[in-house]
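To start, the structure under review is shown below, and the notes come after it.
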Amino acid sequence: MVKNKKFLLLALFLLIASMVINFPFPHEKTFGGTMSILNMPITTVNGISIVGITAFSLLIAGLFFLAKSLKKYQGRFIFLAIFLSVSTPHYFVELFQRTVASGIYAVSYDENESSCRFDMINKTILHGECDLPFENYSKNDVQFTIEFYEEYAFEDDVRMLSLMNNNAPYRVKLGGKEHRHVKIETNIDVSKMAHHIDSGEANGINIIIKSGKNSRKL
């Protein structure tokens with residue numbers, strides 16, 4: 001089935017290198033990726049992601065040499081390689097967090113289930129409330145602080161999530177093996193802002209958690 005072992009080894013090296021470069025840890029989004037192909041960020045808020053393009057190029061090269069190294073079933077193995085390239089990094093991140101990681105590195109944040117809501121409670125005060133789901137995979141308690149950030153498509157975009165930093169950082173403590181939705185509320189004085197939201201909702205909340213000198217952008 002294998003017609004060129006050197007090409008096969010080269011393909012494996014390139015595919016593994018592609019996954020290593022694109023490893024989504026300790027930050028959820030590799031180098032601030034916004035647009036991605038096969039979970040590989042090719043653009044960021046600042047433009048083209050050199051790291052993402054490199055990872056994607058290595059993947060394509062790896063698939064090319066994989067196809068060249070096989071006598072048959074090229075399509076099946078290419079499909080399998082793509083599947084593993086997409087799913088394996090996240091599997092290893094979870095495995096690492098469940099078995100070896102400690103402190104904030106053992107904390108998982110489900111961005112897809114997070115949300116924030118904003119409403120004006122009078123002419124000058126905006127009330128913000130966020131629901132953030134966390135899970136501590138370690139057996140020990142973990143303490144950290146939370147800050148919010150948002151990725152702008154344009155410099156003149158009206159701020160929303162970063163308004164929650166009015167009373168940041170917010171301190172959180174998770175018990176060992178605890179899974180909890182952390183609720184954060186704050187009142188924001190918008191009287192001195194030229195432009196601000198009057199109400200709104202957001203999902204997929206971007207946060208930064210910190211503990212001492214360690215931080216993770218999630």
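Quick one: is Asn122 touching a residue at least 12 places away in the same chain (Cβ under 8 Å), in a loop (DSSP other than H, G, I, E, B) and either surrounded by 20 or more Cβ atoms within 10 Å (Cβ to Cβ) or out of contact with any strand residue (DSSP E or B) (no Cβ under 6 Å at 6 or more places or on another chain) (or both)? It is false that Asn122 is touching a residue at least 12 places away in the same chain (Cβ under 8 Å), in a loop (DSSP other than H, G, I, E, B) and either surrounded by 20 or more Cβ atoms within 10 Å (Cβ to Cβ) or out of contact with any strand residue (DSSP E or B) (no Cβ under 6 Å at 6 or more places or on another chain) (or both). Do the conditions hold for Phe77, that is, is it under 28 Å from Ile209 (Cβ atoms), among the hydrophobic types (A, V, I, L, M, F, W, C) and either in a helix (DSSP H, G or I) or at pLDDT below 75 (or both)? Judged against the criteria, Phe77 is not a match. Of Glu135, Glu178, Glu150, which residue is at pLDDT below 85 and not polar (S, T, N, Q)? Sole residue among the options that is at pLDDT below 85 and not polar (S, T, N, Q): Glu150.
Within segment 163-198, the set of residues being of a type in the set (Gly, Ala, Ser) and exposed (fewer than 14 other Cβ atoms within 10 Å of the Cβ) comprises Gly175, Gly176, Ser191, Ala194.
Against the condition buried (at least 16 other Cβ atoms within 10 Å of the Cβ), out of contact with any Ser or Thr (no Cβ under 6 Å at 6 or more places or on another chain) and at pLDDT 90 or above, how does Phe144 come out, does it pass? Against the criterion (buried (at least 16 other Cβ atoms within 10 Å of the Cβ), out of contact with any Ser or Thr (no Cβ under 6 Å at 6 or more places or on another chain) and at pLDDT 90 or above), Phe144 does not qualify. Screening Ile16, Ile42, Ile82 for residues that are modelled with pLDDT under 65 and among the hydrophobic types (A, V, I, L, M, F, W, C) leaves exactly one candidate, Ile42.
To keep it simple, each residue is scored yes or no on (1) part of a loop (DSSP other than H, G, I, E, B); (2) more than 19 Å from Leu218 (Cβ to Cβ).
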residue: Gly128; (1), (2): no, no
residue: Pro133; (1), (2): no, no
residue: Lys139; (1), (2): yes, yes
residue: Thr145; (1), (2): no, no
residue: Leu163; (1), (2): no, no
residue: Asn166; (1), (2): no, yes
residue: Asn187; (1), (2): no, yes
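Going by what's in this entry, would Asn206 be described as of a type outside the set (Lys, Arg), closer than 24 Å to Tyr109 by Cα, in the same structural domain as Glu111 (by TED's automatic domain parsing) and more than 23 Å from the chain's Cα centre (by Cα)? The answer is no for Asn206. Among the residues of segment 110-119, at least one is closer than 22 Å to Ile205 by Cα, modelled with pLDDT of 85 or more and in contact with a Ser or Thr (Cβ under 7 Å, 6 or more places away or on another chain). Let me confirm something: among Lys213, Lys217, which residue is under 20 Å from the mean Cα position of the chain (by Cα) and without any contact (Cβ under 8 Å) to a residue 24 or more places away in the chain? Unique residue meeting the criteria: Lys213. Among the conditions (1) surrounded by 15 or more Cβ atoms within 10 Å (Cβ to Cβ); (2) at pLDDT 75 or above; (3) within 21 Å of Asn206 (Cβ to Cβ), Glu94 misses just one, which is (1).
The values are calculated or read from the model by the stated rules, or taken from the named source; none is laboratory data. Just so we're clear, the structure is a prediction, and the values are computed from it rather than from any experiment. All Cβ positions, even for glycine, are placed from backbone atoms using ideal geometry, and neighbour counts span all protein chains on display.
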